[in-house]
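A.B. asks: Here it is, the structure in full.
The values are calculated or read from the model by the stated rules, or taken from the named source; none is laboratory data. Source: prediction; values computed, not measured. Cβ placement follows ideal geometry from the backbone for every residue including glycine, while neighbour counts extend to all protein chains displayed. Surface areas here come from the heavy atoms of the whole protein model, side chains and all, with no ligands, DNA or RNA. Shrake-Rupley method; radii C 1.70, N 1.55, O 1.52, S 1.80 Å.
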Amino acid sequence: MGILDERGILYVLADLLSIVTIASCLISKVPQIQTVRRLQSATGLSVNGLLMELASYTVTMLYNFTNGYAFLSYLEYPILLVQEYVLVYFVLKYSSMLGQRAYLWAGLYGVLFVGFATGLIPSSVLMMLVPFTTPVGATSKVMQLIAILRSKDSASVSLITWGISAFTNSTRIYTIMLDSGDRMLLANFGVSTILSSSVLLAAWYYKKPKKE
């Protein structure tokens with residue numbers, strides 16, 4: 001069997017990386033959620049950045065789902081979305097933004113999600129949204145990076161969460177190249193890897209001086 005056969009070494013490695021990526025995503029947002037709950041504060045976290053990240057995750061997952069891509073190549077997105085919902089909830093709560101308006105937007109989000117997933121909303125609309133996931137996802141990370149650089153304080157930022165983000169984004173570049181070669185997804189994950197790594201380094205730098 002050649003190394004490039006359908007079930008060759010490269011594809012076995014891709015499957016293993018997918019499993020590791022999914023396993024990592026099971027806890028990727030948990031450290032950040034725990035930090036916010038422990039401090040009962042969302043200081044240093046960008047609400048707009050989190051909402052943009054939520055939108056990017058949602059569109060990317062729906063795009064993969066409606067195109068029938070291999071489930072293992074995007075299974076982390078449902079997992080990330082559940083954690084993102086919890087994180088957004090607590091950030092809104094401790095930012096005193098959890099009110100009727102927030103619940104109305106959540107209801108609208110739910111209706112649109114179901115509409116795309118079931119095909120009630122034409123997939124052509126989703127196709128128009130997909131190209132925006134890269135700039136939207138990138139902007140959310142840039143906003144977090146700017147927040148850290150401006151405050152010079154990363155006490156509320158989890159290094160574990162951003163380390164996992166950088167790792168999982170980088171592994172997806174490889175798995176997508178073998179599975180679908182989708183250029184939009186490759187561009188998305190390439191940019192995300194660079195920005196997640198930048199946030200990680202900035203958070204580490206501004207935590208380091210505070211260590212005893």
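A.B. asks: Are there trypsin sites (Lys or Arg not before Pro) in the range 128-212 that DSSP marks as loop and that have at most 11 other Cβ atoms within 10 Å, and which are they?
C.D. replies: Passing both the DSSP loop test and the Cβ count: 152, 211.
A.B. asks: Right, next: Which whole-Hz ³J(HN,Hα) couplings does the range 138-152 yield from phi under the Karplus relation 6.51 cos²θ - 1.76 cosθ + 1.60, θ = phi - 60°, glycine and proline marked x?
C.D. replies: 5, 4, 4, 6, 4, 4, 5, 4, 4, 4, 5, 5, 6, 7, 6
A.B. asks: Quick one: what do you get for the range 6-206 if you divide its Cα Rg by 2.2 N^0.38 Å?
C.D. replies: Relative to the 2.2 N^0.38 Å estimate, the range 6-206 comes out at 1.02.
A.B. asks: Now a separate question. Percent of accessible area on the range 10-108 owned by carbon and sulfur, 1.4 Å probe?
C.D. replies: Carbon-and-sulfur percentage of accessible area, whole number: 67.
A.B. asks: Can you give me the Cα centroid spacing of the range 107-170 and the range 39-67 in angstrom?
C.D. replies: Between the Cα centre of the range 107-170 and that of the range 39-67, the gap is 4 Å.
A.B. asks: Under a point-charge model restricted to the Cβ atoms of Lys and Arg (+1) and Asp and Glu (-1), what is the dipole moment magnitude of the chain relative to its Cα centre, in debye to the nearest 20?
C.D. replies: Its charge dipole is roughly 980 debye.
A.B. asks: OK, next. Obtain the nm distance between the two label points defined at residue 109 and residue 93 by a simple spin-label model: each point lies 7 Å from its Cα along the Cα-to-C-beta direction.
C.D. replies: Inter-label distance under the simple model: 1.5 nm.
A.B. asks: HN-Hα J couplings of the range 81-94 from phi, Karplus 6.51/-1.76/1.60, θ = phi - 60°, integer Hz, Gly and Pro as x?
C.D. replies: Per-residue couplings from phi come out as 4, 4, 5, 5, 4, 5, 4, 4, 4, 5, 5, 5, 4, 7 Hz.
A.B. asks: Charges on Cβ only, +1 for Lys and Arg, -1 for Asp and Glu, centred on the Cα centroid of the chain; of 131, 60, 98, which one is farthest towards the dipole's positive end?
C.D. replies: Comparing the listed Cα positions along the dipole, 98 ranks first.
A.B. asks: A follow-up question, please. Taking a probe of 1.4 Å, how large is the accessible area per residue of the chain, in Å²?
C.D. replies: In whole numbers, the chain has 54 Å² accessible per residue.
A.B. asks: Can you give the calculated 222 nm mean residue ellipticity of the chain, where each DSSP H run of n ≥ 4 adds -39,500 (n - 2.57) and the sum is split over every residue, rounded to the nearest 500 deg cm²/dmol?
C.D. replies: -25000 deg cm²/dmol
A.B. asks: Short version: ³J(HN,Hα) in whole Hz for each residue of the range 28-43, in order, from phi by Karplus 6.51 cos²θ - 1.76 cosθ + 1.60 (θ = phi - 60°), x for Gly and Pro, what are they?
C.D. replies: Running phi through 6.51 cos²θ - 1.76 cosθ + 1.60 with θ = phi - 60° gives 4, 8, 4, x, 5, 4, 5, 5, 5, 5, 5, 7, 6, 8, 10, 4 Hz.
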